[in-house]
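Input: a single structure, listed below in structure tokens.
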Protein chains: 4
Amino acid sequence: MSNSLGTIFKITSFGESHGPSVGIVIDGCPAGLYIDEDYINSRLAKRRPGQSAITTQRKESDNCNIISGVFENTSTGAPICILIENNDQRSVDYDELKNIIRPGHADYTYNQKYGIRDYKGGGRSSARITAGWVAAGAIAELLLKHKFPELSINAYVSQVYNLAMTKPHIFKPEDIDSNIVRCPDKELAKKIEALILKTKEEGDSVGGIISCNVEGCPAGLGEPVFNKLQSALGKAMLSINAVKGVQFGDGFDSASKKGSESNDSFLAGSLKNITETNSSGGMLGGISNGMPLFFEVAFKPASTIALPQNTVDSSGNPVILKSQGRHDPCVVPRAVPIVEAMTAIVLADMHLMSYSNHI
Amino acid sequence: MSNSLGTIFKITSFGESHGPSVGIVIDGCPAGLYIDEDYINSRLAKRRPGQSAITTQRKESDNCNIISGVFENTSTGAPICILIENNDQRSVDYDELKNIIRPGHADYTYNQKYGIRDYKGGGRSSARITAGWVAAGAIAELLLKHKFPELSINAYVSQVYNLAMTKPHIFKPEDIDSNIVRCPDKELAKKIEALILKTKEEGDSVGGIISCNVEGCPAGLGEPVFNKLQSALGKAMLSINAVKGVQFGDGFDSASKKGSESNDSFLAGSLKNITETNSSGGMLGGISNGMPLFFEVAFKPASTIALPQNTVDSSGNPVILKSQGRHDPCVVPRAVPIVEAMTAIVLADMHLMSYSNHI
Amino acid sequence: MSNSLGTIFKITSFGESHGPSVGIVIDGCPAGLYIDEDYINSRLAKRRPGQSAITTQRKESDNCNIISGVFENTSTGAPICILIENNDQRSVDYDELKNIIRPGHADYTYNQKYGIRDYKGGGRSSARITAGWVAAGAIAELLLKHKFPELSINAYVSQVYNLAMTKPHIFKPEDIDSNIVRCPDKELAKKIEALILKTKEEGDSVGGIISCNVEGCPAGLGEPVFNKLQSALGKAMLSINAVKGVQFGDGFDSASKKGSESNDSFLAGSLKNITETNSSGGMLGGISNGMPLFFEVAFKPASTIALPQNTVDSSGNPVILKSQGRHDPCVVPRAVPIVEAMTAIVLADMHLMSYSNHI
Amino acid sequence: MSNSLGTIFKITSFGESHGPSVGIVIDGCPAGLYIDEDYINSRLAKRRPGQSAITTQRKESDNCNIISGVFENTSTGAPICILIENNDQRSVDYDELKNIIRPGHADYTYNQKYGIRDYKGGGRSSARITAGWVAAGAIAELLLKHKFPELSINAYVSQVYNLAMTKPHIFKPEDIDSNIVRCPDKELAKKIEALILKTKEEGDSVGGIISCNVEGCPAGLGEPVFNKLQSALGKAMLSINAVKGVQFGDGFDSASKKGSESNDSFLAGSLKNITETNSSGGMLGGISNGMPLFFEVAFKPASTIALPQNTVDSSGNPVILKSQGRHDPCVVPRAVPIVEAMTAIVLADMHLMSYSNHI
């Protein structure tokens, strides 16, 4: 249940790690939008496994295969179904895991919930399914850019393990992709890259934080009770594999502030610079205020590690697990386009909902 | 739009701070549940304004008025509508705020979104509307307790400003309500109470953190893609006024961990103690694993403060705001029952959804 | 479950026949709409029991009590909750029905489904709850009329028992309300009135058909797969108590036609007169084409009759039922405003959805 | 928008007549169900074009291609995506129709709504997309049969043009498929077959009625306000291409009945034979009562005919249309499995919803 997200721009996700394809259906994309396949593929390439030394070595070309909803490169108003093939599957890697309950993974809970589990590569619980989300996010971005040419969504790695950018984050957006870590602080990026490679050698994994900044977001997005901008973004981010927390503006630091420090003063006669500061992360009462959106997403370390771990088999007997499969020593660099995609999907939906704000 | 939450146990919220009532409709509560009005009222009393020296002095009796769906104290399967009257409204307090854009509040964004604003007490953006949520949460709790007698939801204040409980939090649940702060560390609670009173005197406000622990939660709750247990709880928590972040298990601390530290080892032959540690906060792959759920919610300081603030009026002219209205110097003590209510609502919905996990 | 209807203009119904009130929440009404209470009350008056000799003699004033979402007579974008009080309840009428399973009513099926039944006046299964729908329909009409001043929805009684208007129905809309039957054929109306009064004397009831015509409906309303204009209208009509069928345009007569008779030819250069004929009832491929919408709704005779009936009690023992309660000998005259209300609700929702038809 | 149907057993449809595939995603199928591909293919074969002399001669093998959600022939709880390829597309047939507005078709309304139209074979408005619905219906049937082995859904052609079965319909279910018309009255079927062939020769088309009977349906299905069994079935039926009406039990004949004739008396001590008669079609108050469900669906004649028709082009200029493409002279024989599929989908959803009827 619940494989759909959104109210008007609604995505429905399907597929498993080792099936023929993963995919997405987008229902509610307005007609008349130019669907740029190259752009979709460029976004998929950013998420693709095997793209650098610090990611899993699974090889997938990850080209989008548009099945429906697009006619002569233009959206028709019909649902857009996109498939992304699974090619480099190696199911044999997983046969020995059939009866093992891996720590940190969904093996135990899927067994408890469903009484059956597709054990190949995590099945439905694999982050492989986010390829479909990234394809949908690319279309959401095309819609947003058509409507708001100045809107830009920039996510980046701001922390890996104990290596963190200093706050406030000051950087040039074009530096984000200057390195395989996707951290705009180039010196820090080098240290992070070295750390990830060392961690990989040790057979371990590390967590990290992705920060996301949205410039040019119009005021008025967000439905103010149960679909607040932060609720919708929060739900979307917490749907990404390995995410354990999300915060907006000052986030958890707000807890140790006073109102006189936390309130952002409105600027007289302002248009673009609405408030003097941006503690709120660009949202008040659940609605965007026209300031940049800012939020951060915490990822736990990947659960698959090569180091031996104590665990149990399906019958509850103790076993020692030593994973051999390909995996990411740190998921955050590849999760950057996923965070951006989910942001775009939420904003596109909020934008379409805002059409009926007032008569 | 979007004033409903949930899939099967679905709540629809309505009402404003200064209208005749706030209320809630619960659609999807199974028939045959004993609806204990005293219990609902006891929950409302925990959220009620004016309950102690550290809360707003607005006086409301906050008794539930059940309009529908209950026959001879039992749910019938029909939607349950509950009204909670607004009595102590003093609209006169707000007339001078008609044209002021208050920092930190939703005045500016409501104007931008709707072109009209009910300026009395924040209108729809007031936390007053959470009274309805607490009533619905009480019914969700009655349902959960009927099904899982050992399930208990305990939220508590773990931090106010820079005063925080040390981790891991070790305490007796009955100590939470031993003080008006709702912090189970009694020594810390005294300090927090003094801080809040001092802050109130200074005309300022402070933020804080609420932690929530759910014992006795069965395994198998949570729909594993876009309605993960953490996504649904996260969305619900981020719908509460003033919330700026939410984290599960180790949360943001996960980012600075290694997989070998973060993975919770499964215990051989275990039933109640599924894993050795609980870094995951009781959820794997978006599904509860039978361990205690643990998550934390960050609240910014209340936006209403008595200290003078630079802001603008509706025309963009600079004004100095000095609020006179009644308000909470720290919202977290009164938000404890709200966090518990939203937790119960999400778990009740997840429980009903789990009926169709497998054939 | 499922007490809500609609995607953007979404109504949530609650209440029972003999509770304190029935009501509705409208979520998704755009801000800035003038909410004319007198208009809402005028619509409620058309549905009100006790309005003429041919309706039930239950006396209800049925004034709307707006609880939320309206500020200074204008919608704010917040959910609009409206209560309509139940005053003339006489629960004593129903105590003897506590253990009787009445033919044609929902007693048996509610018992089977819920294991509990509010037996007072049919509880949730009473058509009393449509008072809330009519209030919501009035607001939908206000929205539609604001957007499309020429749009008008006219439902009327076209058949009662074997007394039917001849097709095609040709009449002046103002004649509909010239009589208490709400049939624009005045001669037929007299016969119908006499028939209903005779039926009432006999202790029996009669069925009938309501036809509905919508002039001035813009082209482009209706989502073309599972929310076709006819699917949405059909669902709404089949939600009204006692409805057993619905047909669009030629409806069941289409079955005995040839394509060459049934296809409506497009008129060259047309603007207002799109097609030569209107067999389709104004919808092609599930989308309005700008021609008048036309559909018909069949009502079974009211199930409550005074004549003795063979039935059973809750234990399955045979009993003879002789109802004494007040009831409508023919429901269709009072159902006219309900059909109009549900039409308006569906069209308002379809209209708001159409905002995102294309970029 | 609105390409999904259902609450728990939810289908999402996608695809066009002349794209690579049409398809369906089923979200909410419980885990552990044996997914019999042969059964799905046998249902698709019943809907397949080219199956007999009285259907369109488009040739499609229509085998299901299951992309996800099934592991070792068993449902896993993950969404099930099924593709059905389009092979015999002949787009060239349609190029000359690019600028023609065909009577009875969705060309005009799609242009009005979307400003763009996939003109090949009707694009999204083609009944080709119901192949996906039939595949989903087959899975719904497998679920229902697993739960209720005695439940059987039998739809059949009861009328074509002026050739109708006499009421009440008495027949042996096995006779439905004894002829290509799918009418269980074998003598009538011969006449209908001859009529359809003659109509085809004349370049015309004819309408008809499908009746549907569900034996063994348990009591308690249907949510009693906006998702009444008849509302949900009605919505589903009115989503099928060319449907112009739907009626339940006595349907439109109810209008000309008295309550004393229409009410079905309950039988004392009954278990299987709940009521003496079945005017209600097996539903009271929107909930199944355990009697057979009975309803009927009216289809207009297919809009594509070879006879010349007056119409307009996209610019509003008059043109004469003479269709050359392959088409069905009468759609009802092939619509029988579609009606059955949609019935199964609705009942499966209602069944899963009924799990939370009471505590």
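What follows draws every value from the coordinates through simple rules; no lab data is involved. The model shown is predicted, which means the values in this text are computed figures rather than measured ones. Here the Cβ is made from the backbone with ideal geometry for all residues, glycine too, and neighbour counts use every protein chain on show.
Over all Cα atoms in region C:202-263, the spread is summed up by Rg and Dmax: 15.0, 48 Å.
Between 0 and 90 degrees, the angle of helix A:130-147 with respect to the longest Cα principal axis of chain A falls at about 10 degrees.
Under the rule of -39500 (n - 2.57) per DSSP H run of 4 or more residues, summed and divided by the residues of the protein assembly as shown, what mean residue ellipticity at 222 nm is obtained, to the nearest 500 deg cm²/dmol?
Value at 222 nm, helices only: -8000 deg cm²/dmol.
Given in Å, the Rg to one decimal and the Dmax to the nearest whole number for the Cα atoms of the protein assembly as shown are 31.3, 94. If you plug the beta carbon distance of residue B:202 and residue A:174 into 1/(1 + (r/R0)^6) with R0 = 51 Å, you get a FRET efficiency near 0.70. Measuring from each Cβ of chain B to the axis that turns chain B onto chain C, the shortest distance belongs to B:12, 2 (residue, then whole Å).
For chain C, dividing the convex hull volume of the Cα atoms by the residue count gives 151 Å³ per residue. Annotation for residue D:187, label-to-label distances across the other copies: 4.2, 9.8, 9.9 nm (shortest first, one decimal, point 7 Å from Cα along Cα→Cβ). If I fit a long axis through the Cα atoms of helix B:37-47 and take the longest principal axis of the Cα atoms of chain B, what angle between them do I get, 0 to 90°, rounded to 10? It works out to around 60 degrees. The distance separating the Cα centre of region C:71-146 from that of region B:33-106 comes to 24 Å. Between the DSSP loop rule and a limit of at most 10 other Cβ atoms within 10 Å, which GluC sites (Glu not before Pro) in region C:147-196 are left? Loop-located and lightly packed - C:150.
Pick out, in residue order, every one of the trypsin sites (Lys or Arg not before Pro) in region A:123-193 that is DSSP loop and has at most 13 other C-beta atoms within 10 Å; say none if there are none. Answer in residue order: no site qualifies.
From the Cα trace of region D:131-206, what convex hull volume per residue do you get, rounded to a whole Å³?
Details: hull volume 8.5 nm³, N = 76.
Per residue, the Cα convex hull of region D:131-206 comes to 112 Å³.
The three principal axes of the Cα atoms in region C:58-142 give end-to-end lengths of 48, 28, 19 Å, sorted in falling order. What fraction, in whole percent, of alpha-carbon pairs in region D:291-359 exceed 20 Å separation? Of all Cα-Cα pairs in region D:291-359, 58 percent lie more than 20 Å apart.
Among the residues of D:25-36, the average count of other protein chain beta-carbon atoms within 10 Å of the residue beta-carbon is 5.
According to the calculation over all Cα-Cα pairs in region B:200-310, the P(r) per 10 Å bin from zero is 13, 36, 28, 13, 8, 2, 0 %. What separates the residue B:175 label point from its copies, with the point 7 Å along Cα to Cβ, is 4.7, 8.1, 8.4 nm, written shortest first.
If you filter region B:43-122 for trypsin sites (Lys or Arg not before Pro), then keep DSSP loop positions with at most 15 other Cβ within 10 Å, what is left?
B:59, B:90, B:98
For chain D, what is the charge dipole size about the Cα centre, in debye to the nearest 20, if Lys and Arg each add +1 at the Cβ and Asp and Glu each add -1 at the Cβ?
Using Cβ point charges on Lys, Arg, Asp and Glu, chain D gives about 640 debye.
Cross-link partners for residue B:200 among the aspartates and glutamates, with Cα-Cα distance under 17 Å and sequence neighbours closer than 8 places in the same chain left out: A:261, B:328.
Identify all lysines with a Cα-Cα distance to residue A:113 below 20 Å; exclude those on the same chain that are fewer than 8 residues away in sequence. Counting by Cα, and skipping residues close in sequence, residue A:113 has these lysines nearby: A:98, B:147, B:228, B:272, D:10, D:147. Considering only A:245, A:281, A:15, the Gaussian network model of chain A with Cα springs below 10 Å gives its largest mean-square fluctuation to A:245. Computed from Cα atoms, the angle from the helix D:332-353 axis to the main principal axis of chain D rounds to 40 degrees.
Cβ under 13 Å from residue D:145's Cβ, residue D:145 left aside: what net charge do those residues give with Lys, Arg +1 and Asp, Glu -1?
Values: positive: D:43, D:147; negative: D:36, D:141, D:150, D:215, D:340.
Taking every Cβ under 13 Å from that of residue D:145, the sum is -3.
When the Kirkwood radius is taken over all Cα pairs of region D:101-140, what Stokes-Einstein diffusion coefficient follows at 10 °C and 1.306 mPa s, in µm²/s? It diffuses with D of about 140 µm²/s by this estimate.
Can you give the mean number of other chain Cβ atoms that lie within 10 Å of the Cβ atoms in peptide B:76-87?
Across B:76-87, the average partner-chain Cβ count within 10 Å equals 6.
Since only A:214, A:1, A:188 are under comparison, the one whose Cα sits farthest along the positive direction of the charge dipole of chain A, derived from C-beta charges on Lys, Arg, Asp and Glu, is A:1.
Dipole of region B:4-356 computed with +1 at Lys/Arg Cβ and -1 at Asp/Glu Cβ about the Cα centre; of B:351, B:292, B:126, farthest Cα towards the positive end is B:126. Peptides D:350-358, D:293-301, D:220-228 ranked from most to least packed give D:293-301, D:220-228, D:350-358, packing being the mean of other C-beta atoms within 10 angstrom over each peptide's residues.
Between D:288, D:260, D:125, the residue with the greatest mean-square fluctuation in the GNM of chain D (Cα pairs under 10 Å linked by springs) is D:260. Ascending distances from the residue C:201 label point to its copies in the other chains, with the point 7 Å along the Cα-to-beta-carbon line: 6.0, 8.7, 10.5 nm.
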